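Notes follow the structure.
The values are calculated or read from the model by the stated rules, or taken from the named source; none is laboratory data. Everything quoted here is computed from the prediction, not taken from an experiment. Virtual Cβ from ideal backbone geometry, glycine too; neighbours counted across all protein chains shown. Ligands, DNA and RNA are stripped out before the accessible areas are found, and what is left, the full protein with its side chains, is counted by its heavy atoms. Shrake-Rupley method; radii C 1.70, N 1.55, O 1.52, S 1.80 Å.
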Amino acid sequence: MVFLGGQVLPGNVGRAILGPFADQRAVDTLNHTLGVDRPLLTQYWSWISNFVQGDMGTSYIFRSPVAPFVIDALGNSMKLAAVAFVLVVPIGILGGVVAALNLNRPLDRIISLGGLSVTVLPEFVTGIILILIFGVWLRWLPISAAWPRDAGFFTQLYYLILPSLPLFLVLFGYIARMARSGMIEALDSDYTRTAVLKGLPWRTVIWRHVLRNALLPTITVIATQTGYLIGGLVVIETLFRYQGIGSLIFTAARGKDFPTLESGILTIGIVYAVATLVADFLYSVLNPRIRLGSDQ
Amino acid sequence: MSAVQTTSPNPGDMRRHGPLAEVFYSLLRSRTFLVGFAIVLFWVACALFGEHFAPYDPLADDIINALAPPSSEHWFGTDQIGRDVFSRVIVGSRDILTVAPLATLLATVAGTALGLLTGYFRGLVDDVVSRILEAFMAIPVVIVALLAIVALGTSKTTVIVVIGLSFAPIIARTVRSAVLAERELDYVAAAQLRHESALHTMFVEILPNVIPPILVETTVRLGYAIFAVATLSFMGFGIQPPSPDWGLSISNNYGMIGGGFWWTVLFDALAIASLVIGVNLAADGVHGALND
């Protein structure tokens, strides 16, 4: 499935190239210099073989190689995504576990309903509201993610807190919900009853028996949210004027800078594929039953 | 979207006599649904009749009163060329409430047809179509939309088609799994024995029985469609000026919030938030009513 996704991405891009240029005779000369008037298959082949060798072509806008832009931007985006993930994974799981342990009590309702509400909101809406609260009214956090030159690790982190919060909110609901339903299922199971009847302390039952089983599906959800996170990055990086892969794609799309657009999107495709692979791997490591199943 | 169960006190007493009435009554009993439905209804009313009760023309500028803070004259203040924010927020519901439901409708029709085909025929058709759909689902919607809109140009139609087609595979998957269960039932075998055509069996026999999951999926998708339309408008790839659309207004004004002009974006943001939450609460209610 991931392989197919990777194959379809450049196909879309090929069509994206053809679309706007198809009926513009005036730019034929330009097309020729850029090499985009060659047959699509030839272009595709030279582009993909160059990409594999690390040459992503030349940006139409900046008139310079694309690769450094993409690599810089990817690095920046990963910093932002990392901050969001480091915050959301433990807090999301904790939220879900607490909700499940207080099933149908007010605390569960607050976490579930709150999580659901913030998850369905577009990132730029939560982003704007958070900027207003923490950046404009309280003046606790900077409203732009562009930190000063030579900023140290903690300064960068300080600038990244506000941009990562909208991503945090979107992911929190998903992760908390999965953790909650996983917990409920595990709490309800025969092995939990056995453990309780065996006279194990409640704390041991939760840590050793319930949590281990409950968190497996959550891991898969976290990985599948990578694709979602990337879509969110495009919005968040634009809102906070952050030089990441999302804003690179956005700028390229507005300026019809196809080499940059293609390389950015293919890079995202690769990141997504790798994340999915890692998730599959983690899942099988953590869940012995999967490995048993594949032997039969 | 089943995290929050509806507040129906004892789901055990929902016996299926007169299925439509049953669903209707359990919807009326669901506080989640009623609250969500009321919010959505409010915005639909604004979209339909907004210009009649908006105090100002949402497009009329008034440079002298530009960026005025909220006051008794302009409840939500004015934007950078003096347009009344309150009127713009009210009328701003119109475009998003046209584009998002149409996109959802397209997704539902296309997704249902694909789901019926793949679920009914299975085999090679299912394998080929399902793999293609999965490949599409692997790409984030925002990215697909960005590419398509760059290639096709910005217009409401493009936005509807792009969002509709990106959501179709998700609906197709839901319909397919419902059809897979239905096609094993006796009434399908009976139809086949009567030598009904495959089309008849799919659309006349099976389709009415898979309506509930389609309905749930459609209401959930409507929430996501509003999310997507608002986001695309904010990015400049969706609804175009001079529409007072909420996402578009935020994208025009958020550059100035550092200067403290919070009223130019806050009310639009809250409007989007309330509409999205309203649709999702209603969707959750529908889900609860049909699954209890």
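Quick notes on this structure:
- Across the stretch A:144-164, the qualifying residues are those that are modelled with pLDDT under 80 and aromatic (Phe, Trp, Tyr), and the one among them that is farthest from A:ILE128 (Cα to Cα) is A:PHE153.
- Filter result (modelled with pLDDT under 80, at negative phi and assigned to a loop (DSSP other than H, G, I, E, B)) within the stretch A:238-262: A:GLY255, A:ASP257
Every residue, every condition in (1) in contact with a Lys or Arg (Cβ under 6 Å, 6 or more places away or on another chain); (2) β-branched (Val, Ile, Thr); (3) open to solvent by less than 20 Å² (accessible area, probe 1.4 Å); (4) under 27 Å from A:LEU169 (Cα atoms), yes or no:
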site	(1), (2), (3), (4)
A:TYR191	no, no, no, no
A:LEU211	no, no, no, yes
A:PRO217	no, no, no, yes
A:ARG254	no, no, no, no
A:PHE258	no, no, yes, no
A:LEU261	no, no, yes, no
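- Selection over the stretch B:114-136 of residues that are within 19 Å of B:SER166 (Cβ to Cβ) and either without any contact (Cβ under 8 Å) to a residue 24 or more places away in the chain or within 14 Å of chain A (Cβ to nearest Cβ) (or both) gives a count of 8.
- With respect to the stated conditions, B:ALA282 is of a type outside the set (Asp, Glu) and either open to solvent by 10 Å² or more (accessible area, probe 1.4 Å) or under 30 Å from B:LEU116 (Cα atoms) (or both).
- Counting only residues that are in contact with a helix residue (DSSP H, G or I) (Cβ under 7 Å, 6 or more places away or on another chain) and either among the small types (Gly, Ala, Ser) or more than 7 Å from chain B (Cβ to nearest Cβ) (or both), the stretch A:250-267 holds 10 of them.
- Verdict on A:SER294 being over 27 Å from A:LEU165 (Cβ atoms) and either open to solvent by less than 10 Å² (accessible area, probe 1.4 Å) or at pLDDT 75 or above (or both): no
- Qualifying residue in the stretch B:269-279 (condition: closer than 15 Å to B:TRP43 by Cβ, more than 8 Å from chain A (Cβ to nearest Cβ), open to solvent by 30 Å² or more (accessible area, probe 1.4 Å) and polar (S, T, N, Q)): yes
- Looking across the stretch A:106-152, just one residue is open to solvent by 30 Å² or more (accessible area, probe 1.4 Å), closer than 14 Å to A:PRO163 by Cβ, facing another protein chain (nearest Cβ under 8 Å) and not in a loop (DSSP other than H, G, I, E, B), and that is A:ILE129.
- Yes/no for B:ILE257 being open to solvent by less than 10 Å² (accessible area, probe 1.4 Å), among the hydrophobic types (A, V, I, L, M, F, W, C), within 22 Å of B:ASP61 (Cβ to Cβ) and not assigned by TED's automatic domain parsing to the domain that holds B:VAL144: yes
- Subset of the stretch B:35-50 (residues that are more than 13 Å from B:ALA271 (Cα to Cα) and open to solvent by 100 Å² or more (accessible area, probe 1.4 Å)): B:LEU48, B:PHE49
- Matching residues in the stretch A:234-252 - criterion: being farther than 15 Å from A:PHE69 by Cβ and open to solvent by 10 Å² or more (accessible area, probe 1.4 Å): A:THR238, A:ARG241
- Residue check for B:THR158: touching a helix residue (DSSP H, G or I) at 6+ places or on another chain (Cβ under 6 Å), farther than 19 Å from B:ALA230 by Cα and in a helix (DSSP H, G or I): no
- Residue list for the stretch B:280-292, filter: within 23 Å of the chain's Cα centre (by Cα) and either facing another protein chain (nearest Cβ under 8 Å) or among the acidic types (Asp, Glu) (or both): B:ASN280, B:ASP284
- Residue among B:VAL265, B:VAL220 that alone is within 14 Å of chain A (Cβ to nearest Cβ), free of Cβ contacts under 8 Å to residues at least 60 places away in the same chain and crowded, with 20+ Cβ neighbours inside 10 Å: B:VAL265
- Which listed residue is at pLDDT 90 or above and either aliphatic (A, V, I, L, M) or in contact with a Phe, Trp or Tyr (Cβ under 7 Å, 6 or more places away or on another chain) (or both), from B:ILE226, B:ILE239: B:ILE226
- Across the stretch B:236-249, a minimum of one residue is classified as in contact with a Lys or Arg (Cβ under 7 Å, 6 or more places away or on another chain), more than 9 Å from chain A (Cβ to nearest Cβ) and open to solvent by 10 Å² or more (accessible area, probe 1.4 Å).
- Single residue of the stretch B:27-78 satisfying the filter (assigned to a loop (DSSP other than H, G, I, E, B) and charged (D, E, K, R)) that is nearest to the chain's Cα centre (by Cα): B:ASP57
- Sole residue being more than 30 Å from A:PHE250 (Cα to Cα) and surrounded by fewer than 18 Cβ atoms within 10 Å (Cβ to Cβ), chosen from B:VAL188, B:VAL210, B:VAL179, B:VAL128: B:VAL128
- Residue within the stretch A:180-199 that is within 13 Å of another protein chain (Cβ to nearest Cβ), under 20 Å from the mean Cα position of the chain (by Cα), modelled with pLDDT of 80 or more and over 19 Å from B:TYR224 (Cα atoms) present: no
- Restricting B:ALA100, B:ALA68 to those that are hydrophobic (A, V, I, L, M, F, W, C) and either closer than 18 Å to B:THR174 by Cα or assigned by TED's automatic domain parsing to the domain that holds B:LEU275 (or both) reduces the list to B:ALA68.
- Counted residues, the stretch A:185-205 - those being part of a helix (DSSP H, G or I) and without any contact (Cβ under 8 Å) to a residue 24 or more places away in the chain: 12
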